[in-house]
Amino acid sequence: MTQDSGSADDPLHTEAEPIWKRDFPYEAAEEEEVTRREFARYLTLGIGAMAAGSVGLAAWTQLRTINTGEPRPVVALHRVAIGETFLFDYPTPQDPAVLLRLDDTRVVGFSQKCTHLGCVVYFEPEESRWHCPCHEGNFDGSSGEVLSGPPTSPLGKIELEVRDGTIWALGREV
Ligand code: FES
């Protein structure tokens, strides 16, 4: 078995040509060529991995927007008059939320945190909108979409459902 000991006793070793050079017989120009080729390959692999990672992250983000939070009852429907709001917290006690009863059967719910810098939004019935007093941000009353002001994202939506006269929170889009 050949070993690269570098010893002068080694008949395969010479000062002019080390053993590794014999095992990898590239000329200087070819070595540079290989290095460039290797670099291009690793660069391509790196870019491919980054692209795959971005696609995976986007898919994961999309899945995450489906919902978070466990289904739970919020309030009896009859306790919220049509056009009125009800404050609650969801999905955790640290997440202020608010719902609006639109009519006999329909309710919509949102995170009460403004998507600009997190101030609390309030419903303005005369304008049918959610208003943030911090920087005059406004959101549509039933969809939570941005109407005006600095926010660029809609209010975080909470999926609600009326079951046997009780309003349930089913999950929160994030
Ligand atoms: S925090 Fe609501 S508009 Fe700025």
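Cα centroids of the range 78-118 and the range 135-168: 8 Å apart. Contact order, relative form, for the range 94-155: 25 percent (alpha carbon pairs under 8 Å, 6 or more residues apart, mean separation divided by residue count). Residue exposure proxy: ASP23, ASP89, ordered by other Cβ atoms within 10 angstrom of their Cβ from fewest to most, comes out as ASP23, ASP89.
Bear in mind these aren't lab numbers, they're just calculated from the coordinates by the rules spelled out. Keep in mind that what you see is a predicted model, and the values were worked out from it rather than measured. Cβ: placed from backbone, ideal geometry, glycine included. Neighbour counts: every protein chain shown.
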